[in-house]
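A.B. asks: Below is one structure. I have some questions about it.
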Amino acid sequence: MGHTIGGHTYGESGIEFLLVDRDRPEQRVRRLRVDVRFLADLPEVYQDGDNARLLPTGAIDNTVLAFGALHTAAEPETYALALAERFLAAAPPVTTVDLHLSSSDLTPVAAGEPRVGVRHFTAAPLTRDHAHVTLSREGEVALRGGLKDIELFVTAGATFMGFARDEYTTTQVFTDRVFGARLDVTWRLAERDGDFRDCRDRARQAVAEAFAGHTSRSSQHTFHHLGSAVLDSCPEVTEVRVEGAHLTRSLVDLSPFGMANDGRVYSAVDSQRSTVSVVVVRT
């Protein structure tokens, strides 16, 4: 029996670097990570070892860094689109570029009188800005923005009850519990041009306000509520995906030390998590 090659991809992942924007009165430093995947038509590379049309992955890495210098102040969506267009121009056998770009701002250190042209920064917050671009050679583009690793926690008021049970269910009923989650919010943009920073700021605020005014009855209930809030605040968005994990936050047993734990110390081990995702679509 014969055989033939099917679909094939290659790329470069985990490209991490810092971008320093010195062209503003308050300098900005961002940590970025870029993952690039090419869907390509390169059967001869795999079957015959013929590399004549193969763009090396080292060129992917170099392009990302060089374009960083050209897009120091750009929003992730703008930077990601520019990279995708460049890769299609540089590599004719590539049919589609799938590119993820995330960034987080380092926090300026507010201590002492800064010297002219010198600023100090400390570790970035957990939440990262995110862009996901899929661009085909035919010009079909899917442009998504987002926020990754949002951590939420409420100290009381969440509930979980009325759920299905089988013979293996040991879950307690909660009428007043703490609730923790770490999640990614990703939205699809209707147009490739727009004020991406303003959209992200509105989405970030919508998530915060929606969570603050919400009584969680389950992770699913909360995730849908947050996605709906982003749609309501961002008319340029056509759909929102919220996915992540309910983080178990259990009271730490302090009784071996002769102490009661009256809701002050909770575990923060995230190795095992209950995962949830939901897509909310504009109608």
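A.B. asks: Could you tell me whether the stretch 69-88 includes any residue that is within 25 Å of the chain's Cα centre (by Cα), buried (at least 16 other Cβ atoms within 10 Å of the Cβ), modelled with pLDDT under 95 and farther than 26 Å from Arg188 by Cα?
C.D. replies: Looking through the stretch 69-88, none of the residues is within 25 Å of the chain's Cα centre (by Cα), buried (at least 16 other Cβ atoms within 10 Å of the Cβ), modelled with pLDDT under 95 and farther than 26 Å from Arg188 by Cα.
A.B. asks: Could you say which residue among Glu75, Glu26 is closer than 16 Å to Asp105 by Cβ and in contact with a Pro (Cβ under 8 Å, 6 or more places away or on another chain)?
C.D. replies: Glu26
A.B. asks: Quick one: in the stretch 155-175, which of the residues that are out of contact with any Ser or Thr (no Cβ under 7 Å at 6 or more places or on another chain) and in a strand (DSSP E or B) is least open to solvent (accessible area, probe 1.4 Å)?
C.D. replies: Ala156
A.B. asks: Next up: Can you tell me which of Arg33, Arg24, Arg28 is open to solvent by less than 30 Å² (accessible area, probe 1.4 Å), charged (D, E, K, R), farther than 18 Å from Ser136 by Cβ and in contact (Cβ under 8 Å) with a residue 40 or more places away in the chain?
C.D. replies: On the way: Arg33 fails: open to solvent by less than 30 Å² (accessible area, probe 1.4 Å); Arg24 fails: open to solvent by less than 30 Å² (accessible area, probe 1.4 Å).
Being open to solvent by less than 30 Å² (accessible area, probe 1.4 Å), charged (D, E, K, R), farther than 18 Å from Ser136 by Cβ and in contact (Cβ under 8 Å) with a residue 40 or more places away in the chain holds for just one of Arg33, Arg24, Arg28, which is Arg28.
A.B. asks: Looking for something exposed (fewer than 13 other Cβ atoms within 10 Å of the Cβ), free of Cβ contacts under 8 Å to residues at least 12 places away in the same chain and of a type in the set (Gly, Ala, Ser) - is there at least one such residue anywhere in the stretch 7-17?
C.D. replies: No, there is no match, as no residue in the stretch 7-17 is exposed (fewer than 13 other Cβ atoms within 10 Å of the Cβ), free of Cβ contacts under 8 Å to residues at least 12 places away in the same chain and of a type in the set (Gly, Ala, Ser).
A.B. asks: How many residues are open to solvent by 50 Å² or more (accessible area, probe 1.4 Å), within 26 Å of Asp201 (Cβ to Cβ) and touching a residue at least 40 places away in the same chain (Cβ under 8 Å) when one looks only at the stretch 227-266?
C.D. replies: 5
A.B. asks: Just one of (1) at pLDDT 95 or above; (2) among the hydrophobic types (A, V, I, L, M, F, W, C); (3) assigned to a helix (DSSP H, G or I) trips up Val240, so point out which.
C.D. replies: It is condition (3) that Val240 fails.
A.B. asks: May I pose another question? Hey, could you check the stretch 189-207 for residues that are within 16 Å of Val240 (Cβ to Cβ), under 17 Å from the mean Cα position of the chain (by Cα) and in contact (Cβ under 8 Å) with a residue 40 or more places away in the chain and say which is surrounded by the fewest Cβ atoms within 10 Å (Cβ to Cβ)?
C.D. replies: It comes out as Arg204.
A.B. asks: Next question, about the same structure. Restricting attention to the stretch 138-154, which residues are open to solvent by 80 Å² or more (accessible area, probe 1.4 Å) and either out of contact with any Leu (no Cβ under 7 Å at 6 or more places or on another chain) or not acidic (Asp, Glu) (or both)? Talk me through it step by step, then tell me what you get.
C.D. replies: Going through the stretch 138-154, the residues open to solvent by 80 Å² or more (accessible area, probe 1.4 Å) turn out to be 138, 140, 151, 153.
The answer is Glu138, Glu140, Phe153.
A.B. asks: Restricted to the stretch 163-188, and to residues that are among the aliphatic types (A, V, I, L, M) and under 31 Å from the mean Cα position of the chain (by Cα), which residue is modelled with the highest pLDDT? Before the answer, list the steps.
C.D. replies: The first filter runs over the stretch 163-188 and keeps only residues among the aliphatic types (A, V, I, L, M), leaving 164, 173, 178, 181, 183, 185.
Filter once more, keeping what is under 31 Å from the mean Cα position of the chain (by Cα): 178, 181, 183, 185.
Values: Val178: 85, Ala181: 89, Leu183: 92, Val185: 97.
Here the answer is Val185.
The values are calculated or read from the model by the stated rules, or taken from the named source; none is laboratory data. Predicted, not measured: the structure shown is a model, and the values here were computed from it. Ideal geometry is used to build each Cβ from the backbone, glycine not excepted, and the neighbour counts take in all protein chains shown. Side chains are part of the model used for accessible areas, which takes the heavy atoms of the whole protein and leaves out ligands, DNA and RNA. Shrake-Rupley method; radii C 1.70, N 1.55, O 1.52, S 1.80 Å.
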